[in-house]
Amino acid sequence: MEEIKPGVWIIHGENRGRFPFAHSLYLKGEHRALVDTGAGRGLLQLAGKVDRVYLSHYHRDHVAANSLFAGASFSIHPLDAPGLLSVEGFYRLTGLRGIGQPYWDTLNQKGFEATFAAGRHREGDRIDLGGLTLRVLHTPGHTPGHCAFLVEEYGLLFAADIDLSTFGPWYGNVSSDPEQLEESVQRLRMLKARVVVTSHSKPVTADIDRKMERYAAVIEQRHEMIYELLRRGAMTLERLIDLKPIYRRHPEPVSVYRFFEGMMLKKHLTILQNRGAVDYAGEEKLYHAR
């Protein structure tokens with residue numbers, strides 16, 4: 001645990017917070033709260049010491065240790081609740097049903113474990129922890145109900161999976177939306193936060209606006225990269241996946257990363273089609289630049 005402001009700690013995720021781990025945020029006012037449970041072994045010291053758990057979204061690397069906090073109340077945004085409550089809802093939001101066991105292997109998990117969450121937090125909610133106040137910011141795109149949290153007393157933003165990483169934004173589920181994600185990043189820029197803590201990268205205290213701008217720009221850069229590939233010749237989606245323009249490499253299990261690559265590429269192709277930059281030949285299943 002690292003105390004970054006009085007009463008606010010980062011629980012650093014194992015493997016520097018890289019997937020399938022994620023940093024968590026612990027807040028201690030009159031009430032003790034945890035944001036996300038994906039940090040791994042670092043959370044063991046808090047077992048039985050948390051009153052409330054607020055989940056930024058339903059992804060498994062953010063909810064992995066929910067069972068450690070069985071005595072706490074759980075809350076999640078209504079749009080992401082189905083992905084937490086049942087395996088059917090999880091597969092509906094992710095589109096991962098056909099991947100099966102390889103996906104769970106990436107997480108070192110046996111499979112889906114449901115969490116009962118009675119609470120629902122929404123845009124604009126102000127959560128009084130007694131001495132500390134969390135404001136809920138609905139920031140969709142990564143998932144439909146993805147939320148960030150602002151610790152108002154310090155201007156400290158927990159941006160969750162708007163993680164300002166060099167990889168850039170991630171929208172590899174069927175319910176993800178890169179255009180919404182761009183809008184969410186722009187909204188967070190307007191907050192002028194003094195500190196930004198994310199789920200998978202180091203805290204940011206300098207050049208915050210520039211780093212957010214650069215992070216959001218990756219989506220447009222990917223549009224341009226895909227368009228340039230199609231200018232060189234028409235391709236099927238499978239051929240584009242083979243080229244790995246987004247991930248660059250597909251580690252084991254390859255089927256999972258091909259799924260994510262393909263899902264993100266399809267979203268880009270749809271946007272490029274809507275812009276009139278790309279056509280799709282149905283029978284030949286070829287995408288080509290106009």
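Taken together, the values in this text are just the output of simple stated rules run on the coordinates, not laboratory data. A quick note: this is a predicted structure, and the numbers were derived from the prediction, not measured. Cβ placement follows ideal geometry from the backbone for every residue including glycine, while neighbour counts extend to all protein chains displayed.
For this structure, a couple of remarks:
- Peptides 114-120, 197-203, 210-216, ordered by how many other C-beta atoms sit within 10 Å of their residues on average, highest first, read 197-203, 210-216, 114-120.
- Asp279-Glu238 FRET efficiency (beta carbon distance; Förster radius 22 Å; 0.05 resolution): 0.80
- The distance between label points at Gln109 and Glu30 comes to 3.5 nm (points 7 Å beyond Cα on the Cα→Cβ vector).
- The chain - mean residue ellipticity at 222 nm from DSSP helices (-39,500 (n - 2.57) per run, n ≥ 4, rounded to 500): -9000 deg cm²/dmol
- Gain in span if fully extended, Glu153 to Asp209, counting 0.36 nm per residue against the direct Cα distance: 18.2 nm
- Working from label points 7 Å from Cα in the Cα-to-Cβ sense, the Ser255 to Lys202 distance is 3.9 nm.
- Among the listed values (i) 0.95; (ii) 1.09; (iii) 0.98, the one matching Rg/Rh (Cα atoms, Kirkwood Rh) as calculated from this structure is (iii).
- Here the extension length gained between Ala47 and His288 equals 81.4 nm, from 0.36 nm per residue of separation less the Cα-Cα distance.
- From the alpha carbon centroid of the range 23-46 to that of the range 216-252 is 38 Å.
- By average C-beta atoms within 10 angstrom, highest first, the peptides 232-241, 29-38: 29-38, 232-241
- Stretching Arg120 away from Glu2 to a fully extended chain increases their span by 39.7 nm, per 0.36 nm per residue minus the current alpha-carbon distance.
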